[in-house]
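Presented below is the structure to which this report refers.
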Amino acid sequence: MDSPGYNCFVDRDKMDAAIQDLGPKELSCTELQELKQLARQGYWAQSHALRGKVYQRLIRDIPCRTVTPDASVYSDIVGKIVGKHSGSSLPLPEFVDNTQVPSYCLNARGEGAVRKILLCIANQFPDISFCPALPAVVALLLHYSLDEAECFEKACRLLACNDPGRRLIDQSFLAFESSCMTFGDLVNKYCQAAHRLMVAVSEDVLQVYADWQRWLFGELPLSHVARVFDVFLVEGYKVLYRVALAILKFFHKARAGQPLASDSVKQDIRAFARDIAKTVSPERLLEKAFAIRLFSRKEIQLLQLANEAALKQKGITVKQQSVSLSRRQFVHLAVHAQNFRSEIVSVKEMRDIWSWVPERFALCQPLLLIKTTQKEVCGAYLSTDWSERNKSGGKLCFFGTGECFVFRLQPEVQRYEWVVIKHPELTKPAPLTPPEAGPAPSQLAHGAPSDPADRLSPFLATRHFNLPSKTESMFMAGGNDCLIVGGGGGQALYIDGDLNRGRTGHCDTFNNQPLCSENFLVAAVEAWGFQDPDIQ
């Protein structure tokens, strides 16, 4: 790269306006922790030449498949694939899903080069089926590459990473879809005010969250996305979740008190990300992102795997199948004011409850609603199928996971989550388990987690925890004569086999107050199951 670090693909005037170049710097550190600090501080952000060198170094160190296309491969194939077509007239590969190529500060030659590189990548990676973030990644890399071949090689190394513990770019619809569900779960936990607003104004809230990668790779201006990419190359995929959560938090704050329409909220968030430089600097965006206390990287990986498993179980693995199985589409139709029917809750109350339910469970899991003869309303979300009770041979036993919760709606709204979520000090180190038994608790947390970032996720089964007693893991139990939710020192909810009588009280699992009158008569019971309409 010649001084001041531009290449022939960049519009210099636009680049000068977008990112100030203060000249060359040197980078001598090799330790990961020091690189993290320098990336977050923007050490190479104002030196185009240094940023190009750092990208080259970081991407070169990515562990890749034995045979990975390099710059020489590009030189060999580009003419054969592109032919005599001009760059601007070249079609995009199908896997980008009609995504627009962001130009950032590229000139016309640069925009055409991005299309050429994408077509060559498609030729070399026939297994990529869905990768809408790739056009933005290639466009960004081209700003800091000497030529097309170098940019192609960098992109190929990102795609060919074979480190099982390192996630970089989603390359299938299943991976992309599960990342959207994971993002929705994180929003539910860490941006609750924004999540409630999205649920209230969106016919399909996950369609809004399905845009989360586009906010980053497509809408953010170059000054911001380059800073995000700096940190991403050092710290990995979790950085993207953090920044997307920060964008949503800033959007919610900016739009507080302003009306939002269900048909425009996606466009509103896109526009906010596109114009974010007017109100939020790159430094402030990253500061907000890293102020959010997230799960550990291992936790996010496990949550992603759980969401992928839920999608596979429903047969949602390729985009063509998603039309009829559109995540929560069928549920939101059921909660629509025109056709919603319930003797217990209103449309608004159901939407409030719905905002508490983890994304993947929207595909199949049940919700129990109870109305007493005193007009009290309470219920429970059940994270495991009741059929699990049959595995104990007729004996009453508890099962389920920490994503179960109990709640009341009348006379006041209150949700009670698993006690370990609010008191992680209850968990203890667990003994090592054989590799075939799955992730050991000690491999996930090496001691009682004192920092929220080290907490174990409630979606894990109790085998992932070493609790001081079994009472904290008594989520669900049932038999022919009763249904029970919560246990230890009492039961959060007990209903007899005839569904006529029940009782509620404090239990160790949820550390809850009684959900209604301690002994009650049932006026109505509704079990809401979220099922694909194509399944009879």
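The values are calculated or read from the model by the stated rules, or taken from the named source; none is laboratory data. These figures come from a predicted structure and were not determined experimentally. Neighbour counts are summed over all protein chains in view; Cβ atoms, including those assigned to glycine, are modelled from backbone coordinates with ideal geometry. The protein model used for the area step is the full one, side chains on, heavy atoms only, and it has no ligands, DNA or RNA in it. Shrake-Rupley method; radii C 1.70, N 1.55, O 1.52, S 1.80 Å.
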Completion exercise
Whole-Å distance linking the alpha carbon centroid of the range 117-175 with that of the range 260-302 is 23
Handout entry: Solvent-accessible surface ranking, highest first, for Lys36, Lys391, Lys249, Lys312 at 1.4 angstrom
Key = Lys391, Lys312, Lys249, Lys36
Exercise for the section: First select every other residue whose beta carbon is under 12 angstrom from the beta carbon of Val345; then total the charges, Lys and Arg +1, Asp and Glu -1. Expected result: +1
Exercise for the section: Report the accessible area of Cys516, computed with a 1.4 Å probe over the heavy atoms of all protein chains in place, in Å² rounded to the nearest 10. Expected result: 20
Problem - Residue-count net charge about Pro221 - beta-carbon cut-off 12 Å; Lys, Arg +1, Asp, Glu -1 - result: +2
Problem - Dipole magnitude of the range 15-58 about its Cα centre (Cβ charges: Lys, Arg +1; Asp, Glu -1), debye to nearest 20 - result: 120
Completion exercise
Note to self: with every protein chain in place and a 1.4 Å probe, the range 173-314 gives an accessible area per residue in Å² of 34
Practice task
Provide the solvent-accessible area of Leu168, counting protein heavy atoms only and rolling a 1.4 Å probe, rounded to the nearest 10 Å².
Solution key: 10
Problem - Cα→Cβ-extended label distance, 7 Å offset, between Glu287 and Glu343, nm - result: 5.7
Handout entry: Distance from the range 67-95 to the range 511-529 (C-alpha centre basis), Å
Key = 63
Problem - Trp356 accessible area, assembled protein chains, probe 1.4 Å, Å² - result: 40
Completion exercise
The correct ranking of Thr279, Thr182 by accessible area at 1.4 Å, largest first, is Thr279, Thr182
Completion exercise
Here, trypsin sites (Lys or Arg not before Pro) of the range 137-214 satisfying both criteria (DSSP loop; at most 14 other Cβ within 10 Å) are Arg166
Exercise for the section: Go through Asp230, Asp263 and list them by solvent-accessible area, largest first, probe radius 1.4 Å. Expected result: Asp263, Asp230
Practice task
For the range 12-160, give the percent of accessible area contributed by carbon and sulfur heavy atoms, probe 1.4 Å, rounded to a whole number.
Solution key: 47
Exercise for the section: Tell me the GluC sites (Glu not before Pro) within the range 1-81 that lie in a loop according to DSSP and have at most 11 other beta-carbon atoms within 10 Å. Expected result: Glu26, Glu31
Handout entry: Cβ charges +1 (Lys, Arg) and -1 (Asp, Glu), total dipole of the range 158-241, debye
Key = 240
Practice task
Can you tell me the dipole magnitude for the range 12-160 around its Cα centre, using point charges on the Cβ only (Lys, Arg +1; Asp, Glu -1), in Debye to the nearest 20?
Solution key: 80
Completion exercise
Set Lys266/Lys371; Lys14/Lys53; Lys25/Lys154; Lys14/Lys253, cut-off 25 Å on Cα-Cα distance; pairs above it are Lys266/Lys371; Lys14/Lys253
Practice task
Give me the Debye-computed log₁₀ of I(q)/I(0) at q = 0.14, 0.19, 0.20 Å⁻¹ for the range 173-314, equal point scatterers on Cα only, no solvent, two decimals.
Solution key: -0.63, -1.18, -1.30
